[in-house]
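Take a look at the structure below.
Derivation of every value follows stated rules applied to the coordinates shown; laboratory data play no part. Quantities reported herein were computed from a predicted structural model and do not represent experimental measurements. Virtual Cβ from ideal backbone geometry, glycine too; neighbours counted across all protein chains shown.
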Amino acid sequence: MQFTKFIAPLCVAAGLFASAYAAGAAEPENTLILELKDGEVQIALRPDLAPKHVEQIKKLARAGEYDNVAFHRVIDGFMAQTGDVQFGDMEEGFVAARAGTGSSDLPNVPAEFSDVPFERGTVGMARAQDPNSANSQFFIMFAEGPFLNGQYTVVGQVESGMEFVDNIKKGDQANNGSVDNPDRIVSAKIAAD
């Protein structure tokens, strides 16, 4: 009887934790806030799915590396890609022709694939052909993309502000979404800071 009294509250707590992630709620330590031109986007990071990738994003955000970084590849109906801290910083060292080819000074992160699907608002890590080449770049889905499932690492989900993501300047479809005079992340921070 005592065992049942002890286990029942633990089961309830575990269920609440799982439903909090399902509902998109994240504690401040795992909430990435992107300030865009039109408003604030809150992203629930998922260390339960991709602990190494989430840690990398948090390090870069805390170091101010994502501030002023361009959304260099934006494809209407698909996704908006950003995070090239090497060539995408529109205040320091922006190289339009190379934006999307750079990374950070941190090492690449090995793949942490999961069975979580890529749906509207899902945040995934961009990478080269090598599955273990993700570094600093990430993308936010405008719509579902089942062809990405199990091929790219899911790192989070937009909790609020998706309407501001929808307003990001779109790129040229004929040029793989490359954006002239792109929008940027004004600032990025972790809510706990």
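So what's the angle, to the nearest 10 degrees on a 0 to 90 scale, between helix 51-62 and the longest Cα principal axis of the chain? Approximately 60 degrees, to the nearest ten. For the options Gly83, Gly171, Gly156, a Gaussian network treatment of the chain with springs between C-alpha atoms closer than 10 Å singles out Gly171 as fluctuating the most.
Computed about its Cα centre, the charge dipole of the chain is approximately 420 debye, with only Lys, Arg, Asp and Glu carrying charge at their Cβ.
The simple Förster model, with R0 at 35 Å and r as the Cβ-Cβ distance, assigns Asp172 and Phe113 a FRET efficiency of 0.70. In the chain, the DSSP-assigned H stretches of four residues or longer account for a calculated mean residue ellipticity at 222 nm of -6000 deg cm²/dmol, using -39500 (n - 2.57) per stretch and the full residue count as denominator. Comparing Asp38, Asp84, Asp183 in a Gaussian network model of the chain, where Cα atoms under 10 Å apart are tied by springs, the biggest mean-square fluctuation is seen for Asp38.
For the chain, the number of Lys pairs separated by eight or more positions or lying on different chains, with C-alpha atoms closer than 17 Å, is 5.
In the chain, a dipole from Cβ-located charges (positive for Lys and Arg, negative for Asp and Glu) runs towards its positive end, and of Val109, Val74, Gly121 it is Val109 whose Cα lies farthest in that direction. The simple Förster model, with R0 at 41 Å and r as the Cβ-Cβ distance, assigns Glu29 and Ala143 a FRET efficiency of 0.90. In this structure, Ala128 and Lys59 have a Cβ-Cβ separation that, at R0 = 25 Å, corresponds to a calculated FRET efficiency of about 0.75.
The angle between the Cα long axis of helix 2-22 and the longest principal axis of the Cα atoms of the chain comes to about 20 degrees, rounded to the nearest 10.
Find the Cα radius of gyration of region 133-193, compare it with 2.2 N^0.38 Å by division, and give the number to two decimals.
Rounded to two decimals, the normalised Rg is 1.29.
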